[in-house]
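This report refers to the structure that appears directly beneath it.
The values are calculated or read from the model by the stated rules, or taken from the named source; none is laboratory data. Model, not experiment: these values are computed from the prediction. Don't worry about glycine lacking a Cβ; one is built from the backbone with ideal geometry, like all the others, and counts go over all protein chains shown. For the accessible areas, the whole protein counts, side chains as well, though only heavy atoms, and no ligand, DNA or RNA atoms are used. Shrake-Rupley method; radii C 1.70, N 1.55, O 1.52, S 1.80 Å.
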Amino acid sequence: MPPASSSEAAAPRGTRVAIIMDGNGRWAEAHGVSVTEGHRAGGDALRHITEAALDLGVRELTVYGFSTENFGRDPEEVAGIMQLFMELVEREAPIMVERNSRMCFMGRRELLGDEIRERMRWAEELTQHGTAMTLCIAFGYGGRAEIIDAARAAVLEDGVDGLDEDSLRRHLYRPELADPDLIIRTAGEQRTSNFLVWQGAYSELVFTDTFWPDFAEPDLRAALVEYAARERRFGGRLTEAGAS
Ligand code: IPE
Ligand code: IPE
Ligand code: MG
């Protein structure tokens, strides 16, 4: 029997999804608008995808919004992203409450301005009781920085001899979130660019050429269907079902 097309097959529910939201700059160039307008369109896409993820039964959605390396971009672009991010948090947090969903953040907050940090704290508190889905925005985030920060905190608490995978995991920025089952990257690049270095060790990867601002519900559904067809082995052998 031919495999069901992504429009027919049901997307699995309960999945933990992470997305590297790439391609805002190229989208802006293709539309003849400023890069900041590209990031604005990216913010709008995030709102729609968050809603789609909830409808598709995604349990946790972690998105890469701004990396530690992105601080090295043109100051005007960085300032534009900071402003848009602040507006997005303020606008979306009350909507997350309406959706019984939680919003949180991961990254080095000390790299961000006081006003942004205050807005993040406000949004986390406002949405803390949401149970339907968690949206976590990685902002000022680097996977290597996270491992360093976690290792330092773990050693302080448990001592060098106490450092093992469990203790490091407990000191990640968001220890309550599970490892992502699926990491999606938009805009054609096939790399993870310092995202979820620890948590992504066994995640399935799906790449799409679509620029992030154009990424919509059917694309998320298709990625989930592709994920469902994968066989995860975690270092073990093929199961009989997978081998047949
Ligand atoms: C992703 O889009 C958003 C951030 C990294 C902040 P880009 O701005 O990297 O878009 P491209 O890769 O230049 O198209
Ligand atoms: C990764 O995209 C960071 C985010 C999407 C926030 P980049 O555009 O910064 O990654 P590279 O430079 O192409 O690896
Ligand atoms: Mg990019």
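The sole residue among Glu189, Glu231, Glu176 that is under 18 Å from the mean Cα position of the chain (by Cα), over 30 Å from Trp27 (Cα atoms), among the acidic types (Asp, Glu) and surrounded by fewer than 16 Cβ atoms within 10 Å (Cβ to Cβ) is Glu176.
Within segment 21-58, restricting attention to residues that are within 16 Å of ligand 2 (Cβ to nearest atom) and among the basic types (Lys, Arg), the residue that is most open to solvent (accessible area, probe 1.4 Å) is Arg40. Residues of segment 91-118 that are over 22 Å from Ala53 (Cα atoms) and crowded, with 18+ Cβ neighbours inside 10 Å: Gly107, Leu112, Ile116.
When you look at Glu92, is it away from ligand 2 (no atom under 12 Å from the Cβ) and acidic (Asp, Glu), yes or no? Outline the logic, then answer.
On the way: away from ligand 2 (no atom under 12 Å from the Cβ): yes; acidic (Asp, Glu): yes.
Spelling it out, Glu92 is indeed away from ligand 2 (no atom under 12 Å from the Cβ) and acidic (Asp, Glu).
Restricting the first member to segment 157-177 and to residues that are without any contact (Cβ under 8 Å) to a residue 24 or more places away in the chain, and the second to residues that are surrounded by fewer than 17 Cβ atoms within 10 Å (Cβ to Cβ) and assigned to a helix (DSSP H, G or I), the beta-carbon pairs closer than 7 Å and six or more apart or on different chains are Leu163/Ala151; Leu163/Val155; Ser167/Asp158; His171/Ala153; Pro175/Arg169. Within segment 185-199, the set of residues being farther than 11 Å from Thr62 by Cβ and in contact (Cβ under 8 Å) with a residue 60 or more places away in the chain comprises Arg185, Thr186, Ala187, Gly188, Glu189, Thr192, Ser193, Asn194. Checking Leu61, Leu88 one by one, the residue that is surrounded by 17 or more Cβ atoms within 10 Å (Cβ to Cβ), among the aliphatic types (A, V, I, L, M) and over 13 Å from the mean Cα position of the chain (by Cα) is Leu88 and no other.
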